[in-house]
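Student: This is the structure I have questions about; it appears just below.
The values are calculated or read from the model by the stated rules, or taken from the named source; none is laboratory data. Predicted model, so just to flag it, every value in this text is computed and none were measured. Positions of Cβ are backbone-derived with ideal geometry, glycine not excepted, and every protein chain shown enters the neighbour counts. When the accessible area is computed, the model is the full protein with side chains, heavy atoms only, and any ligands, DNA or RNA have been set aside. Shrake-Rupley method; radii C 1.70, N 1.55, O 1.52, S 1.80 Å.
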Amino acid sequence: MASRTSTLKFFSLIICSLAIAEMAMAGDPDILSDFIAPPNGTVDGNFFTYTGMRVIFQEDDPKNFTVLKATVAEFPALNGQSVSYAVLEFPSGTTNPPHTHPRSAELLFLVGGSLEVGFVDTKNNLFTQTLQVGDLFVFPKGLVHFQYNADSESPAIAISAFGSASAGTVSIPSTLFATNIDDNVLALSFKTDVSTIQKLKAGLAPKS
């Protein structure tokens, strides 16, 4: 716990610069004012402050892969600012499954542990890397990508910056197997049988 806290504190100033860089490459529409105020509310310092990341320093390491987001949904002051953050916590042996962000590239900064990362471009080329503490890796906008903590003993933690206040996330496993796409369509697409597709869907079903 102490190690994780000190690591995040050490890198917090550096991470601020990532947001500035991402704003320069932002894809959100420009606004014609300094910021977008809430329709019914007082604008003061509290409006521009987000405290949702405090739990990182207050709780024990998670048992499962965990994402803490600071997007416009959680932090309304980001509306129109073309920037957002996510803190990704990987217990040993966990993965952030293949997914995309349709509205932004992702700039990931590894602040603890090690990660196997990669993405696939539109020509089906796979680009992978093993990241160590202090490394950055960019996942281009809209491309399928993943992160995996292959270390069997140590957790990993990373901070991602996005050039959109709402980058969006499309999880490939959930999109394919946790929606109502017909089993026959999936079986034909993956050149398998319906029973295999149903097993995959069952594995992604919410646990009661």
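Student: With the condition kept exactly as written, say whether any residue in segment 157-168 is assigned by the TED database to the domain that holds Arg103, open to solvent by 40 Å² or more (accessible area, probe 1.4 Å), assigned to a strand (DSSP E or B) and touching a residue at least 24 places away in the same chain (Cβ under 8 Å).
Tutor: The answer is no, given that none of the residues of segment 157-168 is assigned by the TED database to the domain that holds Arg103, open to solvent by 40 Å² or more (accessible area, probe 1.4 Å), assigned to a strand (DSSP E or B) and touching a residue at least 24 places away in the same chain (Cβ under 8 Å).
Student: So if I check each of Phe57, Phe35, Phe75, which one is free of Cβ contacts under 8 Å to residues at least 60 places away in the same chain, open to solvent by 40 Å² or more (accessible area, probe 1.4 Å) and within 14 Å of Ala165 (Cα to Cα)?
Tutor: Residue meeting the stated conditions: Phe35.
Student: In this structure, does Ser154 turn out to be surrounded by fewer than 21 Cβ atoms within 10 Å (Cβ to Cβ), over 27 Å from Phe57 (Cβ atoms) and polar (S, T, N, Q)?
Tutor: No: the conditions fail for Ser154.
Student: Residues Phe139, Phe177, Phe109: which one is in contact (Cβ under 8 Å) with a residue 40 or more places away in the chain, open to solvent by less than 40 Å² (accessible area, probe 1.4 Å) and of a type outside the set (Val, Ile, Thr)?
Tutor: Exactly one of Phe139, Phe177, Phe109 is in contact (Cβ under 8 Å) with a residue 40 or more places away in the chain, open to solvent by less than 40 Å² (accessible area, probe 1.4 Å) and of a type outside the set (Val, Ile, Thr), namely Phe109.
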